[in-house]
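Take a look at the structure set out below.
The values are calculated or read from the model by the stated rules, or taken from the named source; none is laboratory data. Keep in mind that this is a model prediction, so the values were computed, not measured. Glycine gets a Cβ as well: all are built from the backbone with ideal geometry, and neighbour counts include every protein chain shown. Note: areas computed on protein heavy atoms with side chains; ligands, DNA, RNA excluded. Shrake-Rupley method; radii C 1.70, N 1.55, O 1.52, S 1.80 Å.
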Amino acid sequence: MARVHRHFYMGQASESISCLEYIRRLCADLSVILNTPIEVEGDDGKIASTLVQPVGLLVNELITNAAKHGGGKIVVSYRSQAGKRTLRVCDRGKGLPPDFNVEASRTGLGMKVISILTKQLKGTLTRGCEL
Ligand SMILES: Nc1ncnc2c1ncn2[C@@H]1O[C@H](COP(=O)(O)OP(=O)(O)OP(=O)(O)O)[C@@H](O)[C@H]1O
Ligand SMILES: [Mg+2]
């Protein structure tokens, strides 16, 4: 966790930073910690520095889950198109159980954190990746 926090940006709230660049740096570190390759792709574009921390925590939880419960290559993508921003973390494992429900999940903290952070970012949480 300390290594993940190292990447949290502590600058002025009014500043903006490259989301993709930040995700790349974080994933390079997570790849070493988790001993698994992580591919990062996506669009350039700046986000307010206040969004960096929730984005970093989301990436951390989703990648930790992909490494722990998934399988195969992990691919992270950040898209910013027509004012809509999408963050995806995909693995090639079996995926979430079909009846999985975040609200009812009693298995861990990760999914609850993911759900709360998504709401904080005014986003929606969806499942399924076409790789
Ligand atoms: N990428 C994934 N592939 C398959 N199943 C997943 C994936 N991510 C999550 N899950 C399933 O969803 C459950 C809940 O995930 P969650 O992150 O909340 O808990 P956890 O990872 O088991 O524990 P914690 O995050 O507290 O360490 C997991 O136990 C697992 O069964
Ligand atoms: Mg988890």
Exercise for the section: With the checklist (1) open to solvent by 40 Å² or more (accessible area, probe 1.4 Å); (2) away from ligand 1 (no atom under 16 Å from the Cβ); (3) of a type in the set (Val, Ile, Thr) in hand, flag the one item THR64 doesn't pass. Expected result: (2)
Exercise for the section: Could you please find all residues in segment 18-27 being within 11 Å of GLY45 (Cα to Cα) and either open to solvent by 20 Å² or more (accessible area, probe 1.4 Å) or of a type in the set (Gly, Ala, Ser) (or both)? Expected result: SER18, GLU21
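Give me a count of the residues in segment 103-118 that are among the aliphatic types (A, V, I, L, M), more than 8 Å from ligand 1 (Cβ to nearest atom) and free of Cβ contacts under 8 Å to residues at least 24 places away in the same chain.
2
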Problem - Test: residue in segment 123-130 that is more than 9 Å from ligand 1 (Cβ to nearest atom), without any contact (Cβ under 8 Å) to a residue 12 or more places away in the chain and closer than 24 Å to ALA28 by Cα - result: yes
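Return the residues of segment 42-57 that are assigned to a helix (DSSP H, G or I), closer than 17 Å to ARG88 by Cβ and open to solvent by 30 Å² or more (accessible area, probe 1.4 Å); say none if nothing qualifies. Lay out the reasoning, then the answer.
Step one: filter segment 42-57 for residues assigned to a helix (DSSP H, G or I), giving 49-57.
With the extra rule that they be closer than 17 Å to ARG88 by Cβ, the set shrinks to 51, 54-57.
Result: LEU51, LEU57.
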Fill in the blank from the handout: Within segment 71-99, the residues that are within 11 Å of ligand 1 (Cβ to nearest atom) and buried (at least 20 other Cβ atoms within 10 Å of the Cβ) are ILE74, VAL89, CYS90, ASP91
